[in-house]
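Asker: Before I ask anything, here is the structure I am working with.
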Amino acid sequence: MTFPPSYHILEDEKLQEPAMVMSNAKSPTNTIYSTQSSDKLKHHKTTLITTTSCGRPYFLLVVVSSAPYYAQRRRDIRLTWGVDSDLNSRWKTVFLVAQTRNRTESEALLQEGETFGDLIRADYYDHYWNQTLKIQMAFEWASKYCQFSFLLKMDDDVFVNTRALISLLKNPKTPRENLYTGKVEAPAKVLRHGKWKVSENEYNGTFYPPLCPGFGIVLSPDVVNTFVGLFDVVPRFRLDDVYIALLANKTGVKPIHNPNFEVFPDDKNRCRFINSTLVRHTVTGDCLFKVYNEMLSYLSAVKG
C-alpha cells in the first residue's frame, strides 16, 4: 500500500494568515479565538489552540467531534449523558471545534467556551474532510493536558450509556493498555464510489487495516500517547477513522470488537433505551432525550 506524502488541509479551508491570539476583543470574521499565550501555542505539533487542563484525573475522558454550527447538539449532550453530576465525577466531556468564517458563529463559540469551559479549539476552518486534524488536536490535548484511564472519541450525534461503559472498562478483563475498541470492521474495504470514496492515488490497497468507525472509539492512554508521537510518521488521511486504524496498524495495536457499539441502529430501536447499548450512532434532539429519560427510569427501577 502507498500513501501520498501527506494529506493536506483542503485548500479552501486553510487559514489565510497566522492565528491571532485574542481575549475579549471584537475581531474580524477570520480571527482565531484563543485566551492562550502565543508562546504556549508554539509548543503544539498539531492545530491545537487550547491549553486548558482537565484540572484533575478522570476515569473516562470523552472527546466529541462537533462543527461550529451544532451548538444545539452540544447543549443537548450537556443536558443528558454528557455531564456526571456525582460529587466525584467519573467522566469529563469536551467538544472539539475548529474555526468558522461566520462572525456570528465565531462570537457565539467564544461565549459558549467562556460559559461552559468545555470547548477544545483548533486553528483551521472546520470542514467535513478535515476531521483528521480534529482527531490529531484532540489526542495531543488529551495527552498533554489531561490524566485519564480511558478516552472515548465520538461524534456529536451519538448517545452514550456512560455508566454501562464505565462498568465495562472497570471490568478486570478489560485491558488497561494497548486498548483500541469499538465496532470493528474487518475486512474494511476501500470504497471507490460514493461519499467515502478514496482514489488509488490516496490509497492503493483493496482493504484498510481493521478499524473502528469514528462515531465511537475507546482508547487507553498509552495508545493515545503513542499515536501523538506518530503524527509526523504516519501521513494524514482524509478519513479520520481510517487514520486511527493506520496509526494502530503502525504500532501493532489490534482493535477489539464490541457489538454494543451501534453504528446504524434500526428505526424501531434507535430511540429506545436498551441496557446493553454502550454507544449508539444517529441519536439527536428529541430522540436523545427519550433514550436518556428511559435510561434514568431504568436506573431508578433497578435501585428501587
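Asker: Regarding the stretch 193-207, can at least one residue be identified that is closer than 21 Å to S143 by Cβ and either free of Cβ contacts under 8 Å to residues at least 40 places away in the same chain or not in a loop (DSSP other than H, G, I, E, B) (or both)? Step through it out loud before you land on a result.
Answerer: Going residue by residue through the stretch 193-207, those that are closer than 21 Å to S143 by Cβ are none.
No: zero hits.
Asker: On to the next question. Looking only at the stretch 247-281, how many residues end up being buried (at least 23 other Cβ atoms within 10 Å of the Cβ) and of a type in the set (A, V, I, L, M)?
Answerer: The qualifying residues number 4.
Asker: Checking the conditions here, which among L119, L165, L109 is under 29 Å from Y298 (Cα atoms), crowded, with 19+ Cβ neighbours inside 10 Å and in contact (Cβ under 8 Å) with a residue 60 or more places away in the chain? Before you say what the answer is, go through the steps one by one.
Answerer: Values: L119 fails: under 29 Å from Y298 (Cα atoms); L109 fails: under 29 Å from Y298 (Cα atoms).
Exactly one residue qualifies, and that residue is L165.
Asker: Restricting attention to the stretch 137-156, which residues are open to solvent by 10 Å² or more (accessible area, probe 1.4 Å) and under 17 Å from R238 (Cα atoms)?
Answerer: The one that is open to solvent by 10 Å² or more (accessible area, probe 1.4 Å) and under 17 Å from R238 (Cα atoms): D155.
Residues are listed down the side, and each one gets a yes or a no for (1) without any contact (Cβ under 8 Å) to a residue 24 or more places away in the chain; (2) not in a loop (DSSP other than H, G, I, E, B):
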{"residue": "V223", "(1), (2)": "no, yes"}
{"residue": "D232", "(1), (2)": "no, no"}
{"residue": "P265", "(1), (2)": "yes, no"}
{"residue": "K290", "(1), (2)": "yes, yes"}
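Asker: Please enumerate the residues belonging to the stretch 228-245 that are more than 17 Å from F215 (Cα to Cα) and small (G, A, S).
Answerer: Selection gives G229 alone.
Asker: Taking the criterion of being touching a Lys or Arg at 6+ places or on another chain (Cβ under 9 Å), farther than 24 Å from C212 by Cβ and touching a residue at least 12 places away in the same chain (Cβ under 8 Å), would at least one residue in the stretch 275-287 satisfy it?
Answerer: Yes, some residue in the stretch 275-287 is touching a Lys or Arg at 6+ places or on another chain (Cβ under 9 Å), farther than 24 Å from C212 by Cβ and touching a residue at least 12 places away in the same chain (Cβ under 8 Å).
Asker: Of everything in the stretch 234-246, what is outside any helix (DSSP H, G or I) and open to solvent by less than 20 Å² (accessible area, probe 1.4 Å)? Give them in sequence order. So that I can check it myself, show each step before the final result.
Answerer: So in the stretch 234-246, the residues outside any helix (DSSP H, G or I) come out as 234-239.
If the condition is that a residue be outside any helix (DSSP H, G or I) and open to solvent by less than 20 Å² (accessible area, probe 1.4 Å), then V234, F237, L239 are the ones that fit.
Asker: I'd like the full set of residues that are part of a strand (DSSP E or B), under 20 Å from the mean Cα position of the chain (by Cα) and not polar (S, T, N, Q), limited to the stretch 180-192.
Answerer: If the condition is that a residue be part of a strand (DSSP E or B), under 20 Å from the mean Cα position of the chain (by Cα) and not polar (S, T, N, Q), then Y180, G182, E185 are the ones that fit.
Asker: Take V228 and decide whether it is part of a helix (DSSP H, G or I), surrounded by fewer than 22 Cβ atoms within 10 Å (Cβ to Cβ) and at pLDDT 95 or above.
Answerer: Working: part of a helix (DSSP H, G or I): yes; surrounded by fewer than 22 Cβ atoms within 10 Å (Cβ to Cβ): yes; at pLDDT 95 or above: yes.
So V228 passes the test.
Asker: Please go through the stretch 247-263 and give me each residue that is part of a helix (DSSP H, G or I) and of a type in the set (A, V, I, L, M), ordered by number. Break it down stepwise before answering.
Answerer: Just the residues of the stretch 247-263 that are part of a helix (DSSP H, G or I), to begin with: 247-251.
Listed by number, the residues that qualify are L247, A248.
The values are calculated or read from the model by the stated rules, or taken from the named source; none is laboratory data. Keep in mind the model is a prediction, meaning the values are calculated, not measured. Cβ: placed from backbone, ideal geometry, glycine included. Neighbour counts: every protein chain shown. Ligands, DNA and RNA are stripped out before the accessible areas are found, and what is left, the full protein with its side chains, is counted by its heavy atoms. Shrake-Rupley method; radii C 1.70, N 1.55, O 1.52, S 1.80 Å.
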